[in-house]
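Okay, so here's the structure we're looking at.
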Amino acid sequence: MKLTMVREREKQLRLRRDELERRLASFAQIIERADYLVGQITVVLHYLNSDFRQVSELVEGAKQKQEFGLKITEAQEEERRRLSREIHDGPAQLLAHVLLRSDLVEKVIKERGTEAAIAEIRDFRKMVHSALSEVRRIIYDLRPMALDDLGLVPTLKKYLQTTEEYNNGVHISFVHIGEEIRLPSRMEAAVFRLVQESVQNALKHAEARHIDVKMEVTCHHLLVSVKDDGKGFDPSVKKENAFGLIGMRERVELLGGTLDIRSKIGSGTTVFIRVPLDRSTDEANKEERKR
């Protein structure tokens, strides 16, 4: 009797054990599926977060491009106003004065004699020369023709020399290191504009008195730096009129290069430009310019 009860009890325990093992196996499968689902959900969350970030970045980028486009329009209008003022205050007034003086030459000959008329004509010639110089300077600022004929280095030298002469009390130095080679015309134009923008920023915003421009040609890169002793600024502070710097960065990026601006309030500003060179196109550029 006792033996029968023990065997029955043992049988029930085995059944209970088998049931527990089946449940454990089922729980293990559930845990495995849960882990898989958690992994899938994590992947989806990462994807969604990344997608949201990309959308946010695209929206922000579009907003910045829209603002940049508006700033470009404003800059174009400001440039037109500046040119209008320069032409009106410079060549236009000089030519008007020349026209007035030319009407007086005949009268001077009759009333004061030949010597007085010759002196008047000399002054007349000086005014014409001055007006011509002003017109040439304005044209040079718009598009230096020497860039196509002479290349980047001579054109920069001339531009910096003219800028120094036009801004009293400002000293501008230029140093060129390495081989003087011709670059693709779009690269020469872009680098010239970058230097021009940096120099104008130093004069207009930083109120610099000394500006040092350095250009170095290495085997694979064109390196340019523009250093001034102006007021400087905090690069971490975003300014409303910083579209000029944004334009410079975009111009450098189009050349596949980099732009680094280092500045500190009271310690001046240095602009570093690094543009890759493709030496294989150098001979092709020379042949293209010969045609």
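The values are calculated or read from the model by the stated rules, or taken from the named source; none is laboratory data. Predicted model only: the values in this text are computed from it and were never measured. Here the Cβ is made from the backbone with ideal geometry for all residues, glycine too, and neighbour counts use every protein chain on show.
I'd like the residue in the stretch 160-209 that is among the hydroxyl-bearing types (Ser, Thr, Tyr) and within 23 Å of residue 250 (Cα to Cα) and, out of all such residues, is surrounded by the fewest Cβ atoms within 10 Å (Cβ to Cβ). If we take residues in the stretch 160-209 being among the hydroxyl-bearing types (Ser, Thr, Tyr) and within 23 Å of residue 250 (Cα to Cα), then 185 is surrounded by the fewest Cβ atoms within 10 Å (Cβ to Cβ).
Scanning the stretch 142-157 for residues that are over 21 Å from the mean Cα position of the chain (by Cα) and modelled with pLDDT under 80, we see that the one that is surrounded by the fewest Cβ atoms within 10 Å (Cβ to Cβ) is 145. In the stretch 175-204, the residues that are in the same structural domain as residue 245 (by TED's automatic domain parsing) reach residues that are basic (Lys, Arg) with C-beta atoms within less than 7 angstrom, at least six apart or across chains, in these pairs: 175/214; 182/286; 182/289; 190/251; 193/251; 194/251.
Of the residues making up the stretch 232-258, just one is among the hydroxyl-bearing types (Ser, Thr, Tyr) and modelled with pLDDT of 85 or more, namely 258. There is no residue in the stretch 130-141 that is farther than 28 Å from residue 95 by Cα, of a type in the set (D, E, K, R) and either part of a helix (DSSP H, G or I) or under 22 Å from the mean Cα position of the chain (by Cα) (or both). When 228, 212 are screened for being surrounded by 21 or more Cβ atoms within 10 Å (Cβ to Cβ), modelled with pLDDT of 90 or more and among the acidic types (Asp, Glu), only 228 passes.
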